[in-house]
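Participant: Provided herewith is a single structure, encoded as structure tokens, for subsequent inquiry.
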Amino acid sequence: MTKNEIQGELQKNIRAFVLYTLATFILMGLSALAVFFFANKGEEQVLVPNVTGKSLTRALLEMQGKELYPKLQLRYSDLPGEAGQVLSQSPSAGSIVKAGRRVTLVVSRGVVIDHLGNYVGTNIDTVKTKLDMLYGGVDAPPITIAEPVFKLDSSPIGTILEQEPAEGTPITQGVELHFVVSKGASESLVRIPNFLGSTISQILEEMGKVNLLFDFHGHIANAGETAGTVVSQSLAAESSVAEFSQITLEIALPAAGAVFSGDTIVENTRGRNEAEVAGMSTNNFSNVSYGIFSSDISHYPIAVPVKIDAYPPEGSPFTIASFNHIGGNISLPYSVPHGTVLTLNVLNQTKERYTVQ
């Protein structure tokens with residue numbers, strides 16, 4: 001090989017080497033740029049879930065699923081039953097943030113109540129409302145109120161005059177509060193009507209007119225008694241008693257298979273054939289049940305509206321009786337179709353349902 005040929009070959013090799021070296025540097029540069037941009041790309045954005053009101057355990061699981069990290073803050077809350085629940089969060093639910101962001105969760109440490117307050121001079125309904133707000137829905141509330149004792153006093157009706165246990169008593173376990181409550185400075189008097197011989201419908205109407213606590217008892221009508229009427233009363237007619245005194249009325253109830261005229265039994269169908277029964281009365285209510293409804297409600301410092309409604313299997317519902325009551329036992333007679341549902345309503349809230357058999 002001549003000298004010129006050797007020089008030409010070397011020049012070719014040098015150019016190839018230079019091109020190879022440049023290509024290598026370019027490839028390395030591109031690779032470095034790719035790694036750089038991949039390592040520094042923007043973090044994924046996520047939607048902050050709504051965990052307010054949820055348990056801390058549930059909140060943590062939801063945060064983990066979104067690749068968010070919680071920052072916990074603990075504080076006491078006003079309502080029992082919230083211990084361990086998330087009270088608030090920041091950022092708020094629905095915010096768009098980068099994955100890995102910290103979300104502040106304020107978690108309840110529970111209610112801090114360690115002793116009884118002073119309730120004397122406060123209206124008992126106000127105290128009940130406050131405790132209901134604090135412990136509503138709690139299986140074993142730390143504070144409950146026993147049935148209060150009412151007495152005459154110049155303080156406004158419903159004012160708490162005395163309490164037991166006293167203010168400052170530690171609440172280490174369930175505490176039952178006993179109150180003495182004012183029922184006003186004086187008692188109104190009620191003149192007792194003569195209820196003897198009154199029918200069930202007449203008694204139910206009268207209950208809405210006189211402020212008495214009616215206590216009804218019944219027995220199957222004896223010979224000489226008119227079924228469906230009052231046969232005795234515990235307080236003498238025309239006497240005067242304190243408002244909402246208790247009066248006991250005894251009612252002679254009809255035997256099974258009786259025929260009604262209005263709400264008074266006129267004859268008995270036993271031993272009679274179908275034709276004889278058909279001729280006895282056009283008002284044959286043999287499908288009617290009769291009895292005495294009884295229930296208990298809370299005591300109130302003042303009389304509250306009470307209503308008994310009837311929902312018969314057929315036909316429209318109707319009101320059996322509407323009257324005022326201060327609480328305790330409630331009873332009243334009824335004469336309604338079989339299967340009727342009776343509802344006891346106090347302050348426009350249904351307290352009990354009873355199906356007449």
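Computed from the coordinates by the stated procedures, all read-outs in this text should not be read as laboratory data. Computed from a predicted model, the values in this text were never measured in an experiment. A quick note on method: Cβ atoms are made from the backbone with ideal geometry, for glycine too, and the neighbour counts reach across all protein chains shown.
Participant: Quote to one decimal, in nm, the extra length available between THR52 and THR169 on full extension: 0.36 nm per residue of separation minus the C-alpha distance between them. Intermediate results must be reported in sequence, preceding the final value.
Facilitator: Numbers: separation 117, 0.36 × 117 = 42.12 nm, distance 3.46 nm.
Length gained, THR52 through THR169: 38.7 nm.
Participant: Round to a whole angstrom and tell me the spacing of the C-alpha centers of the range 288-302 and the range 190-253.
Facilitator: Value for the Cα centre distance between the two parts: 15 Å.
Participant: Over the range 121-265, calculate the relative contact order: mean separation of alpha carbon pairs under 8 Å at least 6 apart, over the residue count, as a percent.
Facilitator: Working: 256 pairs, mean separation 30.7, N = 145.
It rounds to 21 percent for the range 121-265.
Participant: If packing is taken as the mean number of other Cβ atoms within 10 Å per residue, what is the order of 154-160, 129-135, 249-255, highest first? Display every interim value, and only then the final one.
Facilitator: Working: 154-160: 16.4, 129-135: 14.4, 249-255: 19.9.
Ranking, from highest mean packing down: 249-255, 154-160, 129-135.
Participant: Quickly work out the GLU62-to-GLN246 label distance, labels modelled 7 Å from Cα along the C-beta direction, and quote it in nm with one decimal.
Facilitator: Result for the modelled spin labels: 5.3 nm.
Participant: Follow-up question, since we're still on this one. Which FRET efficiency value, to the nearest 0.05, do you get for ASN287 and ASN329 by plugging their Cβ-Cβ distance into 1/(1 + (r/R0)^6) with R0 = 35 Å? Write out the running numbers ahead of the final one.
Facilitator: Values: r = 29 Å, r/R0 = 0.84.
With a Förster radius of 35 Å, E is 0.75.
Participant: Further, regarding this structure: Could you give the size of the charge dipole of the range 104-224 about its Cα centre, using +1 on the Cβ of each K and R and -1 on the Cβ of each D and E, expressed in debye and rounded to the nearest 20? Don't skip to the answer; put the middle values down first.
Facilitator: On the way: 7 positive and 14 negative charges, 47 e Å.
Computed about the Cα centre, the dipole is about 220 debye.
Participant: What nm value, rounded to one decimal, do you get for the distance between VAL120 and ILE26 when each label is placed 7 Å out toward the C-beta?
Facilitator: It works out to 9.9 nm between the two label points.
Participant: Also: Given the C-alpha atoms of the range 128-220, compute the convex hull and give its volume per residue in Å³.
Facilitator: On the way: hull volume 17.6 nm³, N = 93.
Value for the range 128-220: 189 Å³ per residue.
Participant: Mind giving me the nanometre distance, one decimal, between the label points for ALA140 and SER322, set 7 Å out from Cα along Cα→Cβ?
Facilitator: Rounded to a tenth, the inter-label distance reads 4.4 nm.
Participant: Holding the Cα-Cα limit at 29 Å, pick out from LYS66/LYS130; LYS71/LYS128; LYS54/LYS351; LYS183/LYS307; LYS209/LYS351; LYS151/LYS209 the pairs that are longer than that. Before the final figure, lay out each step's value.
Facilitator: Values: LYS66/LYS130 40 Å; LYS71/LYS128 38 Å; LYS54/LYS351 32 Å; LYS183/LYS307 23 Å; LYS209/LYS351 23 Å; LYS151/LYS209 24 Å.
Violating the 29 Å Cα-Cα cut-off are LYS66/LYS130; LYS71/LYS128; LYS54/LYS351.
Participant: Mark the label point 7 Å from the Cα of ALA236 along Cα→Cβ and return the residues of the range 175-193 whose backbone N is within less than 20 Å of it.
Facilitator: Only 189-193 pass the distance filter.
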